[in-house]
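Asks: Take this structure first; my questions come after.
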There are 2 protein chains.
Amino acid sequence: MSGFNVGTRLKQLRQSRDLSQRELAKRAGVTNSTISLIEQNSVSPSVSSLKKILDALPVSISEFFAGEELANEQVFYRAEELTEIGDGNLSWRLVGARRPNRSMSLLYEHYPPGADTGEDMLEHAGEEGGVIVAGAIEISVNGDTQVLHQGDAYYFDSRLPHRFRNTGDKECVIVSANTPPSFAEGGATQHH
Amino acid sequence: MSGFNVGTRLKQLRQSRDLSQRELAKRAGVTNSTISLIEQNSVSPSVSSLKKILDALPVSISEFFAGEELANEQVFYRAEELTEIGDGNLSWRLVGARRPNRSMSLLYEHYPPGADTGEDMLEHAGEEGGVIVAGAIEISVNGDTQVLHQGDAYYFDSRLPHRFRNTGDKECVIVSANTPPSFAEGGATQHH
DNA sequence: CATCCTTGTTGAACATCCTTGACAGTATAA
DNA sequence: TTATACTGTCAAGGATGTTCAACAAGGATG
């Protein structure tokens, strides 16, 4: 339920700056334990704590929840190189996760029968669209629910509440894109 | 030191949607007291609590910490509704062609054996990426040539010279996205 | 080997957030 | 007036986040 993977994102940012938990804690005015627990997603930090820590990096809060860091100019991504950001049940694989300043997120998604992104709607500003490559999926956007099949597609403003559910008995495969990018490497956000 | 007025911002968003504290609390799965205290800046909410509340508005976290607004258009596109912009040999079908102010172009592409986009330099600024859904394709970007197979992906800056060729004997299917959008309704700019 | 420094993790105590359950104020209607 | 329904606020206590202090693992040094 935590939603955004705060811990993984923070860990990435800290490590990319070559800081130890203790060093970052010192700069932020919190204890190393706090950072350890947050990075393990053992707690959901208060906004004030998180802000103290991000200020020490430094990274703005909105940047933390939206933007992406790191450097890379890789062009080709082998299937096994895609970054898995699913939750163990459904699978979302991100293309070019480490790419700096990506202007969009491209995802290769696999929904087993029964997979459900959950009702908690609305995660990111921007737009998203996708093409159903195999199987079928029930998509709800802003109260409108439809079942899309292979070859069908969707495109909507990501701020509208939305939900994806595989109500069939076969795996559903989708290739989707969203902009601005809303996924950080390594972190599963609940959502869609 | 907080630097950011979480309470006031939340209050604005809630009131702009004409919700009472109790109504919002109910939707978010928290109590009205929580919202009251946050709006008065009497507490600094945990990220998880804040997220629950923002999900109910709905507003994304990054949006909350930055600021923006909303829109709405057609969401679902049946396979036969996609706009064909290919040349009769290879097929490119555009999702949401009529959508005004799209921030990206999403394409469902079919390359028959032998299909070739031709070398095409520096056509448009932006980025493009895709996932190979079926078959295989030879892609050249900035002098680097590779053959990608089902499940592989690519992502590059569109200003780099690039070329797509199906050198195999089976149809290749790709779902791709590019941003900013390089296809307008009614007319294909060349691209790829 | 021991010693020292650093790393990240964890249990118990403490601080803060969050909920429960009230309260007062306003508005509408009988 | 009384009743009902809504609004936002607040005190007390339970739930959760944070600190303190200890711990183990890994490297470097002697």
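The values are calculated or read from the model by the stated rules, or taken from the named source; none is laboratory data. Everything numeric in this text was worked out from a predicted model, so none of it was measured. When we count neighbours, we look across all protein chains shown, and the Cβ atoms used for this are built from the backbone with ideal geometry, even at glycine. Heavy atoms of the whole protein, side chains included, go into the accessibility calculation; ligands, DNA and RNA do not. Shrake-Rupley method; radii C 1.70, N 1.55, O 1.52, S 1.80 Å.
Asks: For segment A:28-50, which residues satisfy the criterion of being more than 9 Å from DNA strand C (Cβ to nearest atom) and either at positive phi or among the acidic types (Asp, Glu) (or both)?
Replies: A:Gly29, A:Asn41 - these are the residues of segment A:28-50 that are more than 9 Å from DNA strand C (Cβ to nearest atom) and either at positive phi or among the acidic types (Asp, Glu) (or both).
Asks: Name the pairs: first residue in segment B:28-49 and farther than 18 Å from B:Ser60 by Cα and open to solvent by 50 Å² or more (accessible area, probe 1.4 Å), second residue in a loop (DSSP other than H, G, I, E, B) and within 7 Å of DNA strand C (Cβ to nearest atom), Cβ to Cβ under 7 Å, at least 6 apart or on different chains?
Replies: Hits for this filter: B:Leu37/B:Val43.
Asks: Any chance segment A:153-162 includes a residue that's modelled with pLDDT of 85 or more, part of a strand (DSSP E or B) and either in contact with a helix residue (DSSP H, G or I) (Cβ under 8 Å, 6 or more places away or on another chain) or open to solvent by 10 Å² or more (accessible area, probe 1.4 Å) (or both)?
Replies: Let us first name the residues in segment A:153-162 that are modelled with pLDDT of 85 or more, namely none.
No, segment A:153-162 contains no residue that is modelled with pLDDT of 85 or more, part of a strand (DSSP E or B) and either in contact with a helix residue (DSSP H, G or I) (Cβ under 8 Å, 6 or more places away or on another chain) or open to solvent by 10 Å² or more (accessible area, probe 1.4 Å) (or both).
Asks: Tell me, which residue of segment B:11-27 that is in contact (Cβ under 8 Å) with a residue 40 or more places away in the chain and surrounded by 14 or more Cβ atoms within 10 Å (Cβ to Cβ) is farthest from the chain's Cα centre (by Cα)? Give the steps one after another, and end with the answer.
Replies: Let us first name the residues in segment B:11-27 that are in contact (Cβ under 8 Å) with a residue 40 or more places away in the chain, namely B:13-14, B:17.
The next check asks that each one be surrounded by 14 or more Cβ atoms within 10 Å (Cβ to Cβ); those that pass are B:13-14.
Values: B:Leu13: 24, B:Arg14: 27 Å.
So the residue we want is B:Arg14.
Asks: Considering every residue within segment B:8-22, establish whether at least one is part of a loop (DSSP other than H, G, I, E, B), at pLDDT below 85 and closer than 25 Å to B:Ser105 by Cα.
Replies: No: zero hits.
Asks: Scanning segment A:121-139 for residues that are open to solvent by less than 20 Å² (accessible area, probe 1.4 Å) and more than 8 Å from every other protein chain (Cβ to nearest Cβ), which turns out modelled with the highest pLDDT?
Replies: That would be A:Ile137.
Asks: Continuing with this model, one more query. Residues being within 19 Å of the chain's Cα centre (by Cα) and either outside the structural domain of A:Ala134 (by TED's automatic domain parsing) or not β-branched (Val, Ile, Thr) (or both): count how many of those fall in segment A:155-177.
Replies: Filtering segment A:155-177 down to residues within 19 Å of the chain's Cα centre (by Cα) leaves A:155-165, A:173-177.
Next, from what is left, pick out any that are either outside the structural domain of A:Ala134 (by TED's automatic domain parsing) or not β-branched (Val, Ile, Thr) (or both): A:155-165, A:176-177.
Count: 13.
Asks: Quick test for you: out of A:Arg98, A:Arg93, A:Arg102, pick the one residue that is part of a strand (DSSP E or B), at pLDDT below 70 and not β-branched (Val, Ile, Thr).
Replies: Being part of a strand (DSSP E or B), at pLDDT below 70 and not β-branched (Val, Ile, Thr) holds for just one of A:Arg98, A:Arg93, A:Arg102, which is A:Arg93.
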